[in-house]
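The values are calculated or read from the model by the stated rules, or taken from the named source; none is laboratory data. Fair warning: this is a prediction, and the values are worked out from it, not measured in the lab. So basically every Cβ, Gly included, is an ideal-geometry build from the backbone, and we count neighbours across all protein chains shown.
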Amino acid sequence: MPDSDAILLGLNPAQRKAVEHIDGPLLIVAGPGSGKTRVITHRIAYLVQTTGLSPRRICAVTFTNRAAKEMRNRLERIMGPQAQQVTASTFHALCATILRRDGESIGIPSDYVIFDDGDQMDAIKRSMEAAELDPKRYPPRSLLSAVSSAKSQLMSPEAYLAHAKSYYDEVVQRVYVEYEALLRRSQGLDFDDLLAKTAKLFKEAPDVKAKYQDRFVHLMVDEFQDTNMAQYQLAKDIAGKFQNICVVGDPDQSIYSWRNADLRNILSFQKDYPTAQVVNLDQSYRSTKTILQAARTVIAVNTQRLEQELWTDNEQGEPIVMAEAYNEEDEAQEVLKEVDRLCRTEKYSLRDCVVAYRINAQSRALEEACLRYGIPYRLIGGVRFYQRREVKDALAYLRLLQDPYDEISLARVINEPPRGIGKKTWDDFTRWTKQQGIPMYAGFQVLAGDDEHGPSTDHPFGARQAQSMVDFLQLLNGLRTDAAEMDLPHLIDEVLSRSGYRAHMMESDDTDVEERLENLKELRGVTAPYADMPALEGLQAFLENSALVQDQDAIGEEEQQYLTLITLHQIKGLEFPVVFMVGMEEGLLPHTRSMDDPTQLEEERRLAYVGMTRAKDRLYLLRAFRRRVLGNTAPGAPSRFLNAVPLHLVSPGIGVKAKVRAEPVVYDRRKTTNVDIPVNVAPPFKAGDKVSHGSFGQGIIVSCNPAGGDFEVTVAFLGESGVKRLLHSFAKLDKVS
DNA sequence: GGTTTTCACGTTACG
DNA sequence: CGTGAAAACC
């Protein structure tokens, strides 16, 4: 561990102040690229060094596991092994630990299961059935978001009703009540509960609160602009005794209000903590002067912000490139051409480049272009591993083994694979157990009867239906017995085979059976670390971990060369030498759904700001003249955010067709092509030529046709690659004699 | 009760 | 256009 002077070495005056300020509340407003992670970690090291405080009495909260991991790594580098004693985790993980340990005093069972957002949606739908609400009239999605919003604001159903202003609010309240009852019956906690129940625990068990208040002498919260009210309350509670609360954030990068992040938390921090010191980290070490200036003018229009004059000592850098493509395919092609040029004629490689977009659907055109031109890419996001159907199904079985009262998991697998318990039976069963006032699991037990009297007949089900359900109960019980005597990976195998799930999947003639089996294999693979503990114990640890750590397949850790495709939301916190922002059009950025509300519009602007400030050297802002939206093509106007960028920072674009700030004009498709390669050049290949390609291997030219100043080459490759259509200027095809 | 067809719908996604 | 979930069909 270096001494305190060494820790301060290399910090600018503002950073220094943020590190040195020890006692009392501290607000650090950290602009993009201002080195805030560095400041937090150095602050922790400095604290330990100068005050002699034990590292285990410091708590640093982050929003993503990625950030927590990064912080732990950095701490380890500065502090050495004692860094491990610092609590660096997410609010949710912290709360899950507190609840397992101390939750019993407010009636949280220690074997609770965590409900993710998919489970929440299922639970809302079932709650709507119970409350007799028509999903057509009230979209479950909007009810879920209302309920989640209430919960994240620590409002109970009763409190919600008290504030109800409209009939819709009453509807929400009705669902909310049912939803809470369902969760309680199921012994489930959703992500909002993890926070809210912990807040409740602190409120109702002062001794527990005191325990954590005493333990954590210092609390740090990163990305404070993204906290919701529950998290704010928790931070306030934990720091309640020593008042050493240090929050770090940037209101201009708040892009998660739709997830209940409350900008007021950071904007009014000084009001809530009048003695708070404020440090402005306004020097950017990331972007060029040009990029920073452009981003600043874009964000300056917003009103909900803390004034900040970002500056940098970096070079002026290259102008920002704005360009208009004809449509989304053309846009993708332009991006790839430029990426290719940067990689070939400048110092950049594929992994230095990123393409960012507003909505996931935009990735499609980019992916297709990458495949076509043979550019390796990596798509961040999409359907996450634990969201895939087969993985969710398997987890539901596992969860039932841990918590047989989990109704959501039960509903998921009761007839998966089909075992003769269809909708009718299930509905009847639901009604019957409700009427009897017993949990569903107990319902099965009643049907099975007891050992002495054999199967019960005191129920409204036919013999075949009852038998199906008794069989299911026996399946579960059998698996629970197994769980006692085998490890987790084997238990998963056992679940998949004894339930008939795997067999049913293999019989199906779906096209993606292979892939789904592969996913199940992978699931089994991730349980390997739990193999050396008893299955039930491992199961609980695994289920908690899989809920809490939905691993963002390790962004940036790979050495391989890939072009990164990512949404503007997910790109936050990352930086790249070269950033392409595509779809800079009205309706996309800002998105249609956000255009008529000034608050939401400000958030869209922040999204643009976040995207722009990811770039270190080069920034490209692209748009398409017309774009396919929901099936049909429509022209789109240039995004209003483009207009804010000062013209002197902009270069007139990629290739000849690029227009700065073009009015929408009638665009002639034939004129939209670049002229790097004159059209009258002789074709590079003729049909029958043998060629070789770096990744596809040997192949034979099928055809070679002029396409927009370039040549589209169709090649039949040997082996698995098959027939590919490639663009001559991209694909490095060598003629083989 | 299980399978096929039709229909409606469509932003962003951390834990 | 592509996808998931309800409705119609076997």
* Any chance you could count how many residues in region A:111-153 are over 14 Å from residue A:182 (Cβ atoms), within 13 Å of DNA strand C (Cβ to nearest atom), within 21 Å of the chain's Cα centre (by Cα) and not small (Gly, Ala, Ser)? => 2
* Wholly enclosed strands (runs of 3 or more DSSP E) of region A:598-662 bearing at least 2 residues at pLDDT below 90 and away from DNA strand C (no atom under 16 Å from the Cβ) -> none
* To do: Would you confirm whether any residue within region A:611-618 is buried (at least 24 other Cβ atoms within 10 Å of the Cβ), more than 10 Å from DNA strand B (Cβ to nearest atom), within 17 Å of the chain's Cα centre (by Cα) and not hydroxyl-bearing (Ser, Thr, Tyr)?
  => yes
* Asked: Does residue A:294 satisfy being of a type in the set (A, V, I, L, M, F, W, C), modelled with pLDDT under 95 and in contact with a strand residue (DSSP E or B) (Cβ under 6 Å, 6 or more places away or on another chain)?
  -> no
* Asked: Do we find that residue A:424 is farther than 22 Å from residue A:399 by Cβ and either buried (at least 17 other Cβ atoms within 10 Å of the Cβ) or not polar (S, T, N, Q) (or both) in this structure?
  -> yes
* Asked: Before we move on, is residue A:74 touching a helix residue (DSSP H, G or I) at 6+ places or on another chain (Cβ under 9 Å) and either assigned to a strand (DSSP E or B) or not aromatic (Phe, Trp, Tyr) (or both)?
  -> yes
* Do we have residue A:669 as touching a Leu at 6+ places or on another chain (Cβ under 7 Å), among the basic types (Lys, Arg) and either away from DNA strand C (no atom under 16 Å from the Cβ) or modelled with pLDDT of 95 or more (or both) here? -> no
* To do: With respect to residue A:51, determine if the residue is exposed (fewer than 15 other Cβ atoms within 10 Å of the Cβ) and not hydrophobic (A, V, I, L, M, F, W, C).
  => yes
* Structure fact -> Residue count, region A:255-306, condition in a helix (DSSP H, G or I), out of contact with any Asp or Glu (no Cβ under 9 Å at 6 or more places or on another chain) and β-branched (Val, Ile, Thr), comes to 2
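Table: residues versus (1) in contact with a helix residue (DSSP H, G or I) (Cβ under 6 Å, 6 or more places away or on another chain); (2) free of Cβ contacts under 8 Å to residues at least 40 places away in the same chain; (3) not aliphatic (A, V, I, L, M).
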residue: A:213; (1), (2), (3): no, yes, yes
residue: A:217; (1), (2), (3): yes, no, no
residue: A:224; (1), (2), (3): yes, no, yes
residue: A:256; (1), (2), (3): yes, no, yes
* Does region A:684-693 include one or more residues that are among the β-branched types (Val, Ile, Thr), away from DNA strand B (no atom under 16 Å from the Cβ), modelled with pLDDT of 80 or more and in contact with a strand residue (DSSP E or B) (Cβ under 8 Å, 6 or more places away or on another chain)? -> yes
* Asked: Hey, residue A:49 hits all of (1) under 21 Å from residue A:223 (Cβ atoms); (2) assigned to a helix (DSSP H, G or I) but one; which does it fall short on?
  -> (1)
* Asked: Does region A:172-186 contain at least one residue that is farther than 25 Å from residue A:439 by Cβ and not hydroxyl-bearing (Ser, Thr, Tyr)?
  -> yes
* Would you check if there is a residue in region A:528-542 being in contact with a Lys or Arg (Cβ under 6 Å, 6 or more places away or on another chain) and either in a loop (DSSP other than H, G, I, E, B) or over 25 Å from residue A:193 (Cβ atoms) (or both)? => no
